[in-house]
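Since the structure comes first, as structure tokens, the remarks are kept for the end.
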Amino acid sequence: MADNNNILNEAETASENDNLDNNLTNKDYNGTTDNKESQYVPNIDVFSTDKVNSYVKLSDKYENIKSSAATMLIVGGVGLVLMALIIAKVIVLPISAETSWLFYSVMGGVFIIFVIAGIVSFMHAKQVKIEAAEEDKLIDSINTWANDNLKISDLDQGLDLSQPDEILFFSRAERIKKALMMEFENADEPLIDELTEQIFHTLYEE
């Protein structure tokens, strides 16, 4: 718990320093200070319950690539089979002999490109699968650490709980994010943002 409090205290100190920088007052045209304009209003767009999550997990990316690769292989394979049947006169199309070579060349090239693209995509999917396994392990580690170390009582320490929910959400999420970034320095920030919201909802809404 001591280590946990140290991490949260460091995160809170960093957050307060950021707030001090943002609290620099703006001067009006006469050189006077407008107190209302100088009040710091946190940007809650970073953590919003209404936004569409832009982060795509590598495991989901792997499934998308694999699905696309399979589709391209199927289209290309079926197309080449049909082309072979047409060339063998099993399937007869109303194409003149003068233009048939152009049809065969263009359509055959298109289907071959589909097959090649499918094979390349499958090769790429294998690499993404390896990276996805590593990311899944990292996500499990982050969730386990958060479950063991992040407590509501520590996150809410020093906060004015009478503030609007939107401001409290931002303040709490910012503390969660800073704690995660300090503990997992090599993690990508978009992943931390995604997990921050998930951890927040687990702590405060379940």
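The values are calculated or read from the model by the stated rules, or taken from the named source; none is laboratory data. Since the model is a prediction, treat every value here as computed from it, not as a measurement. Every residue, glycine among them, receives a Cβ derived from its backbone with ideal geometry; neighbour counts consider all protein chains shown.
Residues in segment 146-172 that are aliphatic (A, V, I, L, M) and either touching a residue at least 60 places away in the same chain (Cβ under 8 Å) or touching a Phe, Trp or Tyr at 6+ places or on another chain (Cβ under 6 Å) (or both): LEU150, LEU155, ILE167.
A count restricted to segment 94-140 and to residues that are over 26 Å from ILE65 (Cα atoms) and touching a residue at least 12 places away in the same chain (Cβ under 8 Å) stands at 1. Being closer than 30 Å to ALA132 by Cβ and surrounded by fewer than 14 Cβ atoms within 10 Å (Cβ to Cβ): is that true of ASP160 here? When the stated conditions are applied, ASP160 does not pass them.
Return the only residue of ASN147, ASN143 being surrounded by 13 or more Cβ atoms within 10 Å (Cβ to Cβ), under 30 Å from the mean Cα position of the chain (by Cα) and among the polar types (S, T, N, Q). Unique residue meeting the criteria: ASN143. With respect to the stated conditions, ALA69 fails to be closer than 22 Å to LEU58 by Cβ, in contact (Cβ under 8 Å) with a residue 60 or more places away in the chain and either surrounded by 16 or more Cβ atoms within 10 Å (Cβ to Cβ) or touching a Pro at 6+ places or on another chain (Cβ under 8 Å) (or both).
Yes/no per residue for (1) surrounded by fewer than 18 Cβ atoms within 10 Å (Cβ to Cβ); (2) aliphatic (A, V, I, L, M); (3) modelled with pLDDT of 95 or more:
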{"site": "LEU93", "(1), (2), (3)": "yes, yes, no"}
{"site": "TRP101", "(1), (2), (3)": "yes, no, no"}
{"site": "ILE112", "(1), (2), (3)": "yes, yes, yes"}
{"site": "ILE119", "(1), (2), (3)": "yes, yes, yes"}
{"site": "SER153", "(1), (2), (3)": "yes, no, no"}
{"site": "ILE167", "(1), (2), (3)": "yes, yes, no"}
{"site": "GLU205", "(1), (2), (3)": "yes, no, no"}
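Of all the criteria given as (1) modelled with pLDDT of 55 or more; (2) under 29 Å from GLU185 (Cβ atoms); (3) surrounded by fewer than 13 Cβ atoms within 10 Å (Cβ to Cβ); (4) not acidic (Asp, Glu), the one not satisfied by TYR62 is (3).
Tallying residues that are part of a helix (DSSP H, G or I) and not aromatic (Phe, Trp, Tyr) within segment 157-189 yields 18.
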